[in-house]
Amino acid sequence: MWRHVNGLRLRAECSSATTASPAATAAARPATTDQPYTLRSQANVVLVPATVRTKKGEIIYALKPEQFVVEDNGVAQKIQMDEDTDSLGLTLVVLVQCSRSAVAQYARISGLGTMVESLVGGAPRQVAVASYGKEATILSDFTDQADESSAALKNLEPCDDSEAATFDAVAWATAMLEEHKDHNRHAILLISETRDHGSHKKPAEVIAALGKTNTVVDAVSFSPGKSEMLDSLRYGGGSGMLGLMVMAVNAAKKNAPKTLASLSGGEYINFTTQKGFDNGLHQLGNRIHNYYLLSFTPQPADNGQPAPGLHSIHVTVPDYPDAKIDARQSYFAGALDGASTDVPDTPDPPNSPGPR
C-alpha cells in the first residue's frame, strides 16, 4: 500500500478508511475518524506517469523499466515501474467551469458522465464532481457509485459569474484529494477555458502543491476565441529552480490548464466543437489506460532531504529517440511556504510563441 505524504509517497499499511474534504465543505459532511497509519518505510517516492508514442501518435507498449531514463534536475535516477496500472485505484475530482464562456460549451459536454465512466474503467474508484466560477461548489462527494457521479454531471448548470478562478479551484480540488486518505492514484479532470480569471491563489502555489501531492491534472479546454497554443515551457525563464518556477508561472498565465497538465504528467486537450470534445476525451481515456507509472526516490542533499524547491523531471527512451513522450515534468520538495512568494514576470523573447 502507498500513502501520499507531503507530495511524495510513503509505503504504509492502514487499519481503516475514511473520507475527508476541504474545510469549505466539511460542515456539509458527516463526521469521520482520522485514519491511523503505521509507516513501514521512510523512502519518499516521486511518481512519474508517462505515455510513449511514435511520431505518428501510436502508443508504444511493453517497454521495460531499464529502457527509460528519468532525470531529476539533470541527474539520472534509479527507477521502478508499476506493472499493472489498470488495477490501481483512482480517486478523481471532475472540476467543470460553469461561468463566463463556459455557458456556450455546456451543450457540447452533455455526454461527460458516460465518458468519465470510460476514463475510470474497471479500477476501484472514488469520484467527486464540482463546478466553479468565482468559487468551487461540490455537486457530488467522493463515491464509488457510478450513478451518483453521473447524475451530478448530467445536472451541471451554467452559473451567473464573471470570474473563472481556475487556480483557486485546482488548489481546492488538490486539498480535497490530499485530505481523502486512501491509497489510490489522485487526479483532477479539469474542463475549463484556457485563461484564469480572478484567482487569489498564485500560480506558483498551485504548481508546487500539485508537485508535492503527486496529483495529476488532465485538462480538456476551450477558448473564448481562437484556440490558444503554448508550444513549450522554455520561453521566459532562467536557470536553476527559481528559473524553472518563473517559466512555469509565466506559461500558466497564458494557458493554465495546459501548464498544470504538462507539469503534473497529465493530458491536455483543446476543443472547439462537439466532435473535438468527444475525440479529446476518447484520446484521454486511451492515455489513462495505456501509460507507464514510473517512480524514483530522490537523491538527498546534504541535509538528507531532496533540495527544496521545484525540481525538473526529464524522461527519455533511448531505444526510441524519435518517440513523443508525455510525462510529469516537475515535483516540489520542501515547505510550500517558499512557493507562496511572488514570482516576477519575464517577458517573452522575440519570436517566441504566444497566445494565438
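Okay, here's what the table says:
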quantity: Distance (nanometres) between label positions extended 7 Å along Cα→Cβ at D322 and E157; calculated: 5.4
quantity: List L88, L310, ordered by accessible area with a 1.4 Å probe, largest first; calculated: L88, L310
quantity: Simple spin-label estimate for A123 and V75 in nanometres, 7 Å along Cα-Cβ; calculated: 3.0
quantity: Cut-off 10 Å between beta-carbons: net charge of the residues surrounding V206, Lys and Arg +1, Asp and Glu -1; calculated: -1
quantity: K55-T143 pseudo-label distance in nm [points 7 Å out on the Cα-to-Cβ vector]; calculated: 4.9
quantity: Calculated FRET value between K253 and S101, using beta carbons and R₀ = 25 Å, to 0.05; calculated: 0.90
quantity: When each of K56/K324; K202/K253; K201/K253; K212/K324; K134/K201; K78/K324 is checked by Cα-Cα distance, pairs over 18 Å; calculated: K212/K324; K78/K324
quantity: Distant-in-sequence amide H partners of G334 (H built 1.01 Å from N, under 5 Å); calculated: G309
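The values are calculated or read from the model by the stated rules, or taken from the named source; none is laboratory data. Everything quoted here is computed from the prediction, not taken from an experiment. Cβ: placed from backbone, ideal geometry, glycine included. Neighbour counts: every protein chain shown. The protein model used for the area step is the full one, side chains on, heavy atoms only, and it has no ligands, DNA or RNA in it. Shrake-Rupley method; radii C 1.70, N 1.55, O 1.52, S 1.80 Å.
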